[in-house]
Structure formats: C-alpha cells, structure tokens
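The values are calculated or read from the model by the stated rules, or taken from the named source; none is laboratory data. Bear in mind that the values here come from a model prediction, so they are computed numbers and not experimental data. A quick note on method: Cβ atoms are made from the backbone with ideal geometry, for glycine too, and the neighbour counts reach across all protein chains shown. For accessibility, only protein heavy atoms count, side chains too; no ligands or nucleic acids. Shrake-Rupley method; radii C 1.70, N 1.55, O 1.52, S 1.80 Å.
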Amino acid sequence: MVFRGTISDAPDFDPSTDAETLYNAMKGIGSDKEAILDLVTSRSNAQRQEIIVAYKCNFGKDLIEDLKYELTGKFERLIVSLMRTPAYHDAKEIHDAIKGSGTNERCLIEVLASRNNQQMNDLVAAYKDAYGSDIEEDIIADTSGHFKKMLIVLLQGTRDESGVVDADLVQQDAQDLYEAGEAQWGTDEAKFIMILGNRSVTHLRMVFDDYEKFTEMSIEDSIKNELSGDFERLMLAVVQCIRCTPMFFAKRLYKSMKGLGTADNTLIRIMISRSEIDMLDIRECFRLRYEKSLYNMIKDDTSGDYKRTLLNLCGGDDDLAGEFFPEAAQIAYKMWELSAMTRVQLRPTVGPAPDFDPAADAQALRKAMKGFGTDEDAIIDIVARRSNAQRQEIRQAFKSLLGRDLMKDLKSELSKNLERLIIGLMLTPAEFDAKMMKKAMEGAGTDEHALIEILVTRSNEAIQAMNAAYQHAYKKTLEEAIQSDTSGHFCRILVSLVQGAREEGPSDVERANADAQELADTCNADSDDMEMKFMSILCTRSFPHLRKVFQEFVRCTNKDIEQIIKKEMSGDVKNAFYAIVRSVKNQPSYFADRLYKAMKGLGTDDRALIRIMVSRSEVDLFNIRKEFKETHDASLHEFIQGDTSGDYRKTLLILCGGED
C-alpha cells in the first residue's frame, strides 16, 4: 500500500532530546506552545510513543498529563490526541460517541465505515484495554435496528482483503442488490448488509459498475431510495469509502468547517487519523470538489495555536501550486464517467390526489373564502395536496359552477408569501415560469440567478411553453425582454437558451472528443473567443453528450471544466456556464445548493424558495431533498422549519413531503 501522508518519521530522531525539549517548554510559568506544536507535528506517531516513554524515564512524569495541565481548549484536545496511538485514539472517539445520554452516530459511521481490518482489530483491542468493556456489547446497547447490525458486521474486521475477484460473483451480487431493493416492494436490508459489509473493495467497485450498467442507476441512488435515517447514512459512507476513501474524508472535512461554527471534534479526528495515511490525497480531492485548498479552508475557519497545528498536519497550500494534481484529474474523470453511466430516477413529492372531485374542491375553496375571515388551512390542504393538472380542473370548475375567478379570489383573501406560494401552485408550469422570468427582470435590478436557473434547467418543451405563456401574458416575446434587460455575452447565452432548441439524445463519442478538444484549445485564447466557443457547445449540446464532453475535457487538459470556468471567467457569464455544468453533473444537487443559499444566513430569499419548491415538487423534489441532506448534514425540512413561519411554512412543508 502506498502511504500518502503529510507526517512521517523525523530523521536523526532522539526521543530523549525531544522529551527534554517538551519538558523545558512546559516548566516555569506559562508554556512555549510554539515549541510543543512544532515538535509534536514533525514526529510520526510511533516516534511520539518513544517520546512518552523517554519523558517518564528521564523526568518521572506522565507527558500526556503534563500536556493536559499546561494546554487548554481545542489546542489541548488536538495535541493530546496526537500523542495517542491510532487505535487508542479511535477507541476514545467511539467511547465518547456512545457514552452519556445521546449517541454521536456520525462519528460511529465515519470511523467504522473507513477503517481496514487491521485498524478495526486494533481498535477493538484498544477499547477493551482502555475501558474494560467489550466495544461490540457497548454499541449493541446504544444503537438499534439495521444500523446496529451493519456496525457490528463492520466491527468484525473480516472484510475480504484477498484481492481475488470472481466475475460470476460480481454479477450475482449486482443482481442480488437489485432484487433486494429496486426490483421489489420493500427492501431486503440483510442482503445489502451482507454484500457491502463483507466483499473486498476491488470486488465491490466492479459490483457497483455492473449494477449501474443494468439498472442505469447508481448504487448510491438506490440506497437513497430504499433506506433511511442513520442506516442510509452508514451505507452511503461505506459505498463512498469503497469508491474513494480520500473523497469521503474531503467531504467530511468540508462539512465540518462550512457555515456558522466549526465541528472541531470531526476536524481534529480526521486531521489526526489521516495525517500519516492519505492526507495528500484528501487535499487533492478537497481542491477538486470545492475549488479551494484544504489549507485555506482551515486558515479561514480556525485561529491561534490550534490553527497552526492543523496547518502543520495539512502540510501545504495546494492553491499556491496552481496546477491540478494528476490523481485529482483521474478522480474527476471517474466522477464524470459515473455521472454519464447513471440515469437518476426522478421522484416528485406531490402527485395526483386519489378520488379527486374538482367540483367538491371548488365548493370547499369557495366556502373557505366566503364571509368574514379566511380558512387558510382548508385552502392549503386542497391546493398543496393536488397535482398541477388537478388544480387546473379546480380553476375551471370554480368558474363553471360559481361564475368566479379562483385566482382573483385567492389574491384578495391571502397575502404576502402565502399568497405568492398558493398562486404559484395554481398557475400552470408554463405560466409560473413566465411570471418568474417577468419578476426577475422587472424593477430597478435584475435577478440574474433566477434567469439562469430557469433557462438552464428546463426542457425544450418547457421553455417553448414558457415562451408562449410569456407572449400571451405580457404581449411581447421573452427574447425581446431578455435583450432589453441584459447585455453582452450573458445576454447571448440567455438568448441561446431561450430558443428551447438544445439537442436531445445520447452522446456521440467522436463528436464529444472533438468538442472537448475545441474547449481545451480555447482555454488560452482571448476571453471573448473562449466565451463564444463555450456558449456554442454548452448551450446547444444535449446533457448526456455534455457529460461525455466534460469527461474528455479532463483527459485533454488535466483539469476539470468547473475549475476552468471559475478561474477564467467572471460575473454572470461564469455563473451561467457554472450552472450548466452543475446541472449536467447532477441537477438535484444544483437545486439543493440553490435552496441552501436561499435560506442560509440572515434573511430568506423567498422568491427563490417559492420558485424551486413550486417548480420541482412534481419533478424531482424528493431527489433534491436527499442531495440537500447529504451535502448540508441537515434536512430540507429542518431548514424550512427554522427559516419560515405560519401558513407559509405549513404549505412549504407539505410540498417538501417529509423529514429525512
């Protein structure tokens, strides 16, 4: 195994000299924290164990106890943890995760999903030695269900590590996973546990490829569809570690630092446990996925001696290098390949109501709005629990039976965000999109993000229907409106997209290679030429074709297309091309990110929130929910609950369709 750590044995190592340096750094008033952190982070874990022994022999004192006494806070936690062996550090993390009233399931998942057999066996022995109890018994007492069963399977440390792969068994396992989940009503969780918990890494990678070939769905999407809660999170973590352990940790590190506050326990645990194993690979994956170096993220998110220690473990700033790592390019290539192979099964959260009676619904809505006051609950329960096609029937029945315009009545009875949301639901998708485009362009400023989001993510058919609805409602073409409200290359991109003439169909490998080469050739050209060439390909080719183009682009340039767009372009043009790439790669993930941005921080972008919740509720809001949870470690339901209120919140939560 090739070790790609940032910490290794120090040359000319003398444990007695190091012990004396640490002793001097801690004697007297105050302590020389800089000397401590520089020494501890420049020695391997094995060398630190020798220093502990030498310290006790030379000074008759316990080094770890002295460090605990002299240091404080997160810095103390980090330095003391570095002094433990990997097995005892893991044992302490697991013990802390299950002791007391609550359980830190995310810690259990991270540690047990990512360790190899030897690490797992060492952990079990260290736990027994440190706490005098059996780790398996403690986990059984603290967890339940299939989550517990999978943890116990992983804890055995008996995954096949022979490296021998049986092609027939690969096919059989792929078939068994399909039959255990997607092929039947309900899920055979035991089959998932047995295969994912025991087969070798090489074998499972081939199983995942086979599974995608005959189901046109990734194993991750099947797990998201079939499993839930902590068990789902555990199985996804196992799959991610099988595919690429460094990418799994890169994601965990990013989540530990993004947003308000830092999950310091997670940050410390990963930086310590991977510093001698694969920190270089984690850094590469981090930069690939987040367009920012791990070093800079730590630098921005931490402070003081704690920061200095973490940066020493990190080992370098990849943004300074300016070049893409070959290993990261290979991962990017594989990610696009995976995206190209996978056909995501889109799942809505709102569908047609059974036993639907438009006349009865029309009468109930009239009753809810008649007389003094309005029964908002009755309105919400009808409008949010019907499909759009059913709502159109209700509109017609309301006019036929009562001689009244339902939209006008709703506007007069409701107000603010609830009114905007309910009216949005009552419009046809084309009318709603046309209205959202109009709103994005009216007034003093232009909401370029809304224009981009709508035009990038709608099908040709939806764009053409929106064009017709816009012309009907506002007596001018949408293209004319865009041209009068935007300018330059950004205007040209939007005009190209609003034609609704994107090619449809599968990728053409030969043409994809040519397109990728053309994009690569323009990367060093004049910015105008570059933007025009990107537009001619990104705005016209089909999404399946673009996936292949972006994959081949990595091969041509050793760079990911997202990285080039962010580095070489700016403003609205950059945002438009970036949105296309994100949508091609994973459209539900793109929308999850848009929803997160609409609600994070102070204030809520209600227009964006309404636009996405209404437009995706009958398309892929279930998938968006799953992506939201995976990316942001909180459910969309939680975010809406905490960020909105009253009847507006109630309606949004019905559309959301459940807690993940």
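Out of (1) out of contact with any Ser or Thr (no Cβ under 8 Å at 6 or more places or on another chain); (2) at pLDDT 95 or above; (3) part of a helix (DSSP H, G or I), what's the single condition that is false for Asn312?
So the condition that Asn312 fails would be (1).
Would you check which residues across segment 463-495 are farther than 11 Å from Met437 by Cβ, open to solvent by less than 60 Å² (accessible area, probe 1.4 Å) and part of a helix (DSSP H, G or I) and list them?
Passing the criteria: Ala465, Gly488, His489, Phe490, Cys491, Ile493, Val495.
Residue check: is Phe534 within 28 Å of Asp447 (Cα to Cα), part of a helix (DSSP H, G or I) and of a type in the set (Phe, Trp, Tyr)? Reasoning before the result, please.
Working: within 28 Å of Asp447 (Cα to Cα): yes; part of a helix (DSSP H, G or I): yes; of a type in the set (Phe, Trp, Tyr): yes.
So Phe534 passes the test.
Could you identify the single residue in Thr522, Thr477, Thr457 that is in contact (Cβ under 8 Å) with a residue 24 or more places away in the chain and either under 22 Å from Arg594 (Cα atoms) or not small (Gly, Ala, Ser) (or both)?
Going through Thr522, Thr477, Thr457 in turn, just one is in contact (Cβ under 8 Å) with a residue 24 or more places away in the chain and either under 22 Å from Arg594 (Cα atoms) or not small (Gly, Ala, Ser) (or both): Thr457.
Looking at (1) over 14 Å from Ile268 (Cβ atoms); (2) buried (at least 22 other Cβ atoms within 10 Å of the Cβ), which one does Gly100 not meet, given that it meets all the others?
(2)
Out of all the residues in segment 159-179, which are of a type in the set (D, E, K, R), open to solvent by 70 Å² or more (accessible area, probe 1.4 Å) and touching a Ser or Thr at 6+ places or on another chain (Cβ under 9 Å)?
Glu161
Inspect all residues belonging to segment 264-283 and state whether any of them is more than 24 Å from Ser44 (Cα to Cα), surrounded by fewer than 19 Cβ atoms within 10 Å (Cβ to Cβ) and not basic (Lys, Arg).
No, segment 264-283 contains no residue that is more than 24 Å from Ser44 (Cα to Cα), surrounded by fewer than 19 Cβ atoms within 10 Å (Cβ to Cβ) and not basic (Lys, Arg).
Have a look at Ser536, Ser507 and point out the one that is small (Gly, Ala, Ser) and touching a residue at least 24 places away in the same chain (Cβ under 8 Å).
Values: Ser536 fails: touching a residue at least 24 places away in the same chain (Cβ under 8 Å).
Residue meeting the stated conditions: Ser507.
For segment 599-641: of the residues being touching a Pro at 6+ places or on another chain (Cβ under 9 Å) and among the hydrophobic types (A, V, I, L, M, F, W, C), which is nearest to Ser459 (Cα to Cα)?
To start, the set of residues in segment 599-641 that are touching a Pro at 6+ places or on another chain (Cβ under 9 Å) comprises 614-628.
Remaining after also requiring among the hydrophobic types (A, V, I, L, M, F, W, C): 614, 619, 621-622, 624, 628.
Working: Val614: 16, Val619: 12, Leu621: 16, Phe622: 19, Ile624: 18, Phe628: 23 Å.
Of everything passing the filter in segment 599-641, Val619 is nearest to Ser459 (Cα to Cα).
So which pairs qualify, if the first residue must be in segment 440-452 and modelled with pLDDT under 95, the second must be assigned to a loop (DSSP other than H, G, I, E, B), the Cβ gap must be under 8 Å, and the two must be at least 6 apart or on different chains?
Thr446/Thr486
Hey, can you tell me all the residues within segment 91-105 that are basic (Lys, Arg) and at pLDDT below 95? Quick ask: steps written out before the conclusion?
Going residue by residue through segment 91-105, those that are basic (Lys, Arg) are 92, 99.
Of everything in segment 91-105, just one residue is basic (Lys, Arg) and at pLDDT below 95, namely Lys99.
I'm trying to understand the selection: among the residues of segment 113-141, which are open to solvent by less than 30 Å² (accessible area, probe 1.4 Å) and under 30 Å from the mean Cα position of the chain (by Cα)?
Ala113, Ser114, Arg115, Asn117, Met120, Leu123, Ile139
Which condition does Tyr88 not pass, out of (1) modelled with pLDDT of 95 or more; (2) open to solvent by less than 50 Å² (accessible area, probe 1.4 Å), if it passes all the others?
Failing condition for Tyr88: (2).
May I ask you to verify whether Ile277 is part of a helix (DSSP H, G or I) and either over 17 Å from the mean Cα position of the chain (by Cα) or within 27 Å of Thr202 (Cβ to Cβ) (or both)? Can you show your working first?
Working: part of a helix (DSSP H, G or I): no; either over 17 Å from the mean Cα position of the chain (by Cα) or within 27 Å of Thr202 (Cβ to Cβ) (or both): yes.
Answer is no for this residue.
Do you know which of the residues in segment 413-439 that are of a type in the set (Gly, Ala, Ser) and free of Cβ contacts under 8 Å to residues at least 40 places away in the same chain is surrounded by the most Cβ atoms within 10 Å (Cβ to Cβ)?
First, pick out the residues of segment 413-439 that are of a type in the set (Gly, Ala, Ser): 415, 424, 430, 434.
This time we only want the ones that are free of Cβ contacts under 8 Å to residues at least 40 places away in the same chain, so: 415, 430.
Numbers: Ser415: 10, Ala430: 21.
Step by step, filter segment 413-439, then rank; the result is Ala430.
Name the residue, out of Phe214, Phe231, Phe248, that is surrounded by fewer than 19 Cβ atoms within 10 Å (Cβ to Cβ), in a helix (DSSP H, G or I) and either among the hydrophobic types (A, V, I, L, M, F, W, C) or free of Cβ contacts under 8 Å to residues at least 12 places away in the same chain (or both).
On the way: Phe231 fails: surrounded by fewer than 19 Cβ atoms within 10 Å (Cβ to Cβ); Phe248 fails: surrounded by fewer than 19 Cβ atoms within 10 Å (Cβ to Cβ).
Going through Phe214, Phe231, Phe248 in turn, just one is surrounded by fewer than 19 Cβ atoms within 10 Å (Cβ to Cβ), in a helix (DSSP H, G or I) and either among the hydrophobic types (A, V, I, L, M, F, W, C) or free of Cβ contacts under 8 Å to residues at least 12 places away in the same chain (or both): Phe214.
Of (1) out of contact with any Cys (no Cβ under 9 Å at 6 or more places or on another chain); (2) under 14 Å from Arg233 (Cβ atoms), Asp129 satisfies all except one. Which?
(2)
Among the residues of segment 6-16, is any assigned to a helix (DSSP H, G or I), at negative phi and out of contact with any helix residue (DSSP H, G or I) (no Cβ under 6 Å at 6 or more places or on another chain)?
Applying the first criterion (assigned to a helix (DSSP H, G or I)) to segment 6-16 yields 15-16.
If we keep only those that are at negative phi as well, we get 15-16.
Still in the running and out of contact with any helix residue (DSSP H, G or I) (no Cβ under 6 Å at 6 or more places or on another chain): none.
Checked segment 6-16: no residue is assigned to a helix (DSSP H, G or I), at negative phi and out of contact with any helix residue (DSSP H, G or I) (no Cβ under 6 Å at 6 or more places or on another chain).
Take the conditions under 32 Å from the mean Cα position of the chain (by Cα) and not β-branched (Val, Ile, Thr) and apply them to Ala340. Does it pass?
On the way: under 32 Å from the mean Cα position of the chain (by Cα): yes; not β-branched (Val, Ile, Thr): yes.
Answer is yes for this residue.
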